[in-house]
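**Q** Can you keep this structure in mind? I'll have questions shortly.
We did not get these values from a lab; they are worked out from the coordinates using the rules stated. As the structure is a prediction and not an experimental result, all values here were calculated from the model. Note: ideal-geometry Cβ built from the backbone for every residue, glycine included; neighbour counts use all protein chains shown.
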Amino acid sequence: MKRDRDNENVTGDGVRAAGTKNCANRATKVSGQLERLHSEVPLEPESQFASLDEATRHLLERELSRRRFLAGSMAVAGGVVASQVLPYAEAQTEAATPTVPDVAEVNLNVNGRAYALQLDPRASLLDTLRDDLGLTGAKKGCNQGTCGACTVQVDGQRVLACLSLALMTQGREITTIEGLSDGDTLHPLQAAFIRHDAFQCGYCTTGQIMSGDACIREGHAGNELEIREWMSGNLCRCSAYPGIVAAIQEVAAQGDA
Ligand code: FES
Ligand code: FES
């Protein structure tokens, strides 16, 4: 049986036979639908139409004109709504949008020095330090608050400079790695980092030191686990963690920070 069917399909006879059958089925179906339509929709008296075709054409035209009428009504209604509601919505949007000045005067205190700056109010503290003040110690790693490379201190607390607006740090004391040492004398934690070989490429190092210094003053450097927990926001791609933890632990134990 299967072989016969396959042969028919290969020669094309089967395909033609199936096509003819499908057409016949479809014609029967359409004719049934038309008959149902005539029985459900009341028509003008039968005498008005000479044939079934004419009655069908009449029905289709009536349906078409009904749809055109509905479409036209909806377009008019849409136009009325748009002309009345849109100006109101636009006015509301304009009223709700605050105007932001292009330039703002910002006074910063960085490493004990005062700076009067004209800044884009949206400027981050990190970009301001690096681009406007030339203090490139704080690094831009991710620029989205996940790596800690940009860590600086504001009023003694560690903050991510990439997520802080410069505008928001006015009147506060900002300390960067450049302000941590005393002239040529390194900060104890800087010296400890060198002793413990706590870096390789050094890209994360300034953030690690600024964060580690605050971590010690916060009292979160009692043991290795505590240091790892409270320094977990500072990532090191070179994986110099053993040296970093050892340096912080040593300075914390000496009470030098
Ligand atoms: S650059 Fe700020 S957290 Fe990565
Ligand atoms: S020393 Fe290279 S990323 Fe930390």
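**Q** Using modelled amide H (1.01 Å from N, peptide plane; none on Pro or chain starts), what sits under 5 Å from the amide H of A104, excluding residues fewer than 5 places away?
**A** Those lying under 5 Å, H to H, from A104 are L119, D120.
**Q** While we're here: Let me know the charge dipole size of the range 180-257 about its Cα centre in debye, to the nearest 20, where only the beta-carbon of Lys, Arg (+1) and Asp, Glu (-1) is charged. Please report the intermediate quantities before stating the final value.
**A** Working: 4 positive and 10 negative charges, 48 e Å.
Roughly 240 debye, rounded to the nearest 20.
**Q** May I pose another question? Where does each of 139-145, 180-186 land if you order them by average Cβ count within 10 Å, highest first? Display every interim value, and only then the final one.
**A** Numbers: 139-145: 14.9, 180-186: 10.6.
Ranked by mean Cβ neighbours within 10 Å, highest first: 139-145, 180-186.
**Q** Follow-up. Taking the Cα centre of the range 96-233 as origin, work out the dipole magnitude from +1 charges on Lys and Arg Cβ and -1 charges on Asp and Glu Cβ, in debye rounded to 20. Can you show the working numbers first?
**A** Values: 10 positive and 17 negative charges, 34 e Å.
Dipole about the Cα centre, nearest 20: 160 debye.
**Q** May I ask you to order 246-253, 112-119 by the average number of other C-beta atoms within 10 Å around their residues, highest value first? Could the numbers behind the result be given before it?
**A** Details: 246-253: 21.1, 112-119: 11.8.
Peptide ranking by packing, descending: 246-253, 112-119.
**Q** Then there is this: Given the alpha-carbon gyration tensor of the range 180-257, what are the semi-axes of its equivalent ellipsoid in whole angstrom, ordered largest first, with each equal to the square root of 5 times an eigenvalue? Don't jump to the answer; show the numbers that get you there.
**A** Numbers: eigenvalues 53, 49, 22 Å².
They are 16, 16, 11 Å, listed from largest to smallest.
**Q** Can you find, among M231, G183, A221, the residue farthest towards the positive end of the dipole of the range 180-257? Put +1 on the C-beta of Lys and Arg, -1 on that of Asp and Glu.
**A** Projecting each Cα onto the dipole axis, the largest value belongs to M231.
**Q** Please compute the length gained on full extension between N109 and L70, using 0.36 nm multiplied by the number of residues separating them and subtracting their Cα-Cα distance. The partial results should precede the final answer.
**A** Details: separation 39, 0.36 × 39 = 14.04 nm, distance 6.93 nm.
That works out to 7.1 nm of additional length.
**Q** Out of residues 5 or more away from C147 or on other chains, whose amide H comes under 5 Å of its own, with H placed 1.01 Å from N in the peptide plane?
**A** Sorted by chain and number, the residues that satisfy this are C142.
**Q** Using amide H atoms built in the peptide plane, which far-off residues or other-chain residues are under 5 Å from L165 H to H?
**A** L125
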